[in-house]
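Everything below concerns the one structure shown next.
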Amino acid sequence: VGFNASAGATVGQGQIAWNATDRTFDMGLVGGSVLQVGQETHMLIKANNNITNGQTVMFVGVSGNNILADVCNTASPGFSTSYFIGVATQTIARNDFGYITTYGLVHGLNTNSYSAGDILWVDNTTPGALTTTHPAIGTPHIQVAAVTKTSAGDGHIMVRPTIWPALDDLSNF
C-alpha cells in the first residue's frame, strides 16, 4: 500500500491518509475524531454525562464491557487521582461513545487565555476544566498538558498526565 505524501487529504471514519505536517498517518475514528498514529493514544469510553472536547475526564465505572467516564470532578465523594483518564478529544453526548486522549495532542480548542508552553492542571474547583494555577496543598495534583498552540478555535494542547502523589498515597509496597 502506498500513500500520496503530499495529498493533504482529510480523513473520515475508517480512512487513513498521510499527514505531512505531523509526519504520520491520520486515522479517521467514529464521531470525527482523528488519531495521529504513533504520536498519541486514545481510549474509547461511554459518557456518563455530556462531555465537551477539551474537558478533563475520569473513570466512574463500567457499563457492560465499556469504560464509563465523566468530566473529572475532584470533589466527587471518594475521588482518587487514579480515576483520571485524560482529555476529551471530541464532544460526547450522554450515553454515547467517544474518545479520550490519554497521551498526545488535542486540537480544536480555545486556548487564547493561555500562552504557548503553559502547563495545565486539573482544576479542583470547576469540574472538567483546566487551569494554569498550581493546586493548593491538600488538594489533588494532576498535571495534565502543555499548551502547544494558542488560538480561539484551533488551539492545541499536548496531553501527558503526571499525577503527584500525596503523602497519604505513599506506601512500602
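All of the numbers you see were taken from the coordinates with simple rules; none came from a lab. Remember, predicted model here, so these are calculated numbers, not experimental data. Don't worry about glycine lacking a Cβ; one is built from the backbone with ideal geometry, like all the others, and counts go over all protein chains shown.
What does the charge add up to near residue 156, with Lys and Arg as +1, Asp and Glu as -1, over the other residues with Cβ less than 15 Å from its Cβ? Before the final figure, lay out the partial values.
On the way: positive: 149, 160; negative: 22, 26, 40, 118, 154.
Within the 15 Å Cβ shell, the charges total -3.
For the charge dipole of the chain, defined by +1 on Lys and Arg C-beta atoms and -1 on Asp and Glu C-beta atoms about the Cα centroid, which residue among 90, 2, 127 has the Cα displaced farthest towards the positive pole?
In the chain, that residue is 2.
If I build a Gaussian network model for the chain, linking alpha-carbon pairs within less than 10 angstrom, which residue out of 28, 128, 104 has the largest mean-square fluctuation?
Ranking 28, 128, 104 by mean-square fluctuation puts 28 first.
List the residues whose amide H sits under 5 Å from the amide H of residue 72, counting only those 5 or more places along or on another chain, with H placed 1.01 Å from N in the peptide plane.
When sequence neighbours closer than 5 places are left aside, the close amide H contacts are 56, 57, 58, 128.
Using the Karplus curve 6.51 cos²θ - 1.76 cosθ + 1.60 with θ = phi - 60°, work out ³J(HN,Hα) for each residue of the stretch 15-27 in order, rounded to whole Hz, and write x for Gly and Pro.
My calculation for the stretch 15-27 gives 10, 10, 8, 6, 10, 5, 5, 8, 6, 7, 8, 9, 10 Hz in order.
From the backbone phi of the stretch 29-34, what are the Karplus-calculated ³J(HN,Hα) couplings (6.51 cos²θ - 1.76 cosθ + 1.60, θ = phi - 60°) in whole Hz, Gly and Pro given as x?
Taking θ as phi minus 60°, the curve returns 10, 4, x, x, 6, 10 Hz for the stretch 29-34.
Enumerate the amide H contacts of residue 25 below 5 Å, restricted to partners 5 or more residues apart or on another chain; note that Pro and chain-start residues carry no placed amide H.
Those qualifying (amide H under 5 Å, at least 5 residues apart or on another chain) are 19, 37.
Grab the beta carbon distance between residue 137 and residue 112, set R0 = 25 Å, and tell me the FRET efficiency rounded to 0.05.
Once rounded, the FRET efficiency stands at 0.25.
Quick one: which residues, 5+ away or cross-chain, put their amide H under 5 Å from the amide H of residue 148? H built at 1.01 Å from N.
Residues meeting the criterion, in which the H sits 1.01 Å from N, are 117, 156, 157, 158.
Hey, what do the phi angles of the stretch 87-100 turn into as Karplus ³J(HN,Hα) couplings, whole Hz, using 6.51/-1.76/1.60 and θ = phi - 60°, x for Gly and Pro?
10, 4, 9, 6, 7, 10, 6, 3, 6, 8, 9, x, 10, 10
Using a Gaussian network model on the chain with a 10 Å cutoff between Cα atoms, which of 41, 101, 139 fluctuates the most?
Among 41, 101, 139, the largest mean-square fluctuation in the Gaussian network model of the chain belongs to 139.
For the chain, what is the charge dipole size about the Cα centre, in debye to the nearest 20, if Lys and Arg each add +1 at the Cβ and Asp and Glu each add -1 at the Cβ? Let's see the in-between values first.
Numbers: 5 positive and 10 negative charges, 38 e Å.
Roughly 180 debye for the chain.
Given points 7 Å out from each Cα along the Cα-Cβ axis, report the residue 15 to residue 148 separation in nanometres with one decimal.
About 2.3 nm, to one decimal.
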